[in-house]
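Report on the following structure.
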Amino acid sequence: APYLNTKFIGRNYIHKESLSSTNDMAKELAYKVPDGTVIVAEEQTKGRGRMGRSWFSEKSSCILTSVILKPQIRPEKTVALTQVAALTVVKAIEEVCSVKTKIKWPNDIILNSKKVCGILTEMSSEIDVVNYIVIGIGINVNCTEFPDDLKEKATSLQLELEKPVDRKKLLASLLNNLEIYYKEYEEKGFESLRPLILENSITIGKEVRVIYTDREIRGQAIAIDKEGKLVIKTEKGEEIALLSGEVSVRGL
Ligand code: BTN
């Protein structure tokens with residue numbers, strides 16, 4: 001990989017034509033492979049999204065990757081790590097495609113009001129320490145057609161930029177930036193990256209509707225706190241910090 005200049009992320013690299021899901025393979029291998037191992041597939045037959053959804057992809061035109069990380073952190077800290085990954089995607093797309101995307105909390109990447117990337121973070125942990133984290137990233141790079149039910153909400157870089165994007169360059173930039181931000185996160189903590197994440201957020205300041213453990217919460221998204229939680233001020237003036245959930249931002 002000529003564009004890769006990382007020390008550990010992607011140094012052990014597994015590339016497959018077809019997998020059920022790169023996250024599944026990553027979880028199977030997590031204990032047997034080194035920290036920073038990267039799995040990439042050209043196609044997934046059972047790609048998974050958040051909230052038990054499936055993840056659509058077109059063969060050989062997306063980036064479907066999972067990164068295995070083994071940080072010495074408490075399990076609650078992974079919420080923030082997912083957002084570090086989202087920031088990484090924004091930076092990589094900016095570097096390679098010269099276009100600004102936005103983070104819809106917690107980890108969707110939006111371009112021209114449509115979703116261009118999703119992130120699925122999964123982990124295994126003890127009560128007070130993480131064993132491993134799998135960060136699964138799916139970027140719609142050069143796909144040109146989506147199933148009917150996704151057409152309104154999903155897009156690809158190629159569709160928006162009206163030209164194909166070099167997947168190798170984008171993947172390398174993604175891994176390079178991930179290592180930079182991950183190091184910063186480990187050394188200085190989430191606080192240090194929070195301003196950058198806020199700057200690139202499409203959620204903050206917006207009226208939102210959140211389905212959260214069966215309850216619907218409406219209000220204004222006012223902050224991302226130091227743990228990575230989304231803070232919502234409800235109509236009654238109450239402030240609630242959400243760990244995860246399904247967020248609808250008006251107009252998106
Ligand atoms: C979401 O937006 O709901 C998250 C989507 C995550 C998709 C990626 S593609 C690579 C990795 N393997 C999976 O099965 N899912 C993630």
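Considering the range 17-34, and only residues there that are assigned to a loop (DSSP other than H, G, I, E, B) and within 13 Å of the ligand (Cβ to nearest atom), the residue that is nearest to the chain's Cα centre (by Cα) turns out to be SER21. Filtering the range 35-66 to residues that are charged (D, E, K, R), more than 8 Å from the ligand (Cβ to nearest atom), assigned to a strand (DSSP E or B) and out of contact with any Asp or Glu (no Cβ under 6 Å at 6 or more places or on another chain) leaves only GLU43. With respect to the conditions (1) assigned to a strand (DSSP E or B); (2) under 19 Å from the mean Cα position of the chain (by Cα), ILE14 falls short on a single one, namely (2).
Test LYS91 against the criterion of being away from the ligand (no atom under 16 Å from the Cβ), within 25 Å of SER125 (Cβ to Cβ), among the basic types (Lys, Arg) and touching a residue at least 12 places away in the same chain (Cβ under 8 Å), and give yes or no. Answer is no for this residue.
The number of residues in the range 213-248 being within 28 Å of SER192 (Cα to Cα) and either modelled with pLDDT under 90 or of a type in the set (A, V, I, L, M) (or both) comes to 16. Only one of the numbered conditions (1) without any contact (Cβ under 8 Å) to a residue 12 or more places away in the chain; (2) among the basic types (Lys, Arg); (3) under 24 Å from LEU150 (Cβ atoms) is not met by ARG48, and that is (1).
Residues in the range 110-130 that are hydrophobic (A, V, I, L, M, F, W, C) and under 11 Å from ALA154 (Cβ atoms) were compared, and the one that is surrounded by the most Cβ atoms within 10 Å (Cβ to Cβ) is CYS117. The criterion of at least 1 residues that are of a type in the set (S, T, N, Q) and in the same structural domain as ASN107 (by TED's automatic domain parsing) is met by the following helices (runs of 4 or more DSSP H) wholly inside the range 138-252: 157-161, 167-188. Based on what the data block shows, is ILE137 within 16 Å of the ligand (Cβ to nearest atom), modelled with pLDDT of 95 or more and either surrounded by 19 or more Cβ atoms within 10 Å (Cβ to Cβ) or not acidic (Asp, Glu) (or both)? Spelling it out, ILE137 is indeed within 16 Å of the ligand (Cβ to nearest atom), modelled with pLDDT of 95 or more and either surrounded by 19 or more Cβ atoms within 10 Å (Cβ to Cβ) or not acidic (Asp, Glu) (or both).
The values are calculated or read from the model by the stated rules, or taken from the named source; none is laboratory data. The structure displayed is predicted, hence computed values, not measured ones. Reconstructed Cβ throughout: ideal geometry from the backbone, glycine too, with neighbour counts over all protein chains shown.
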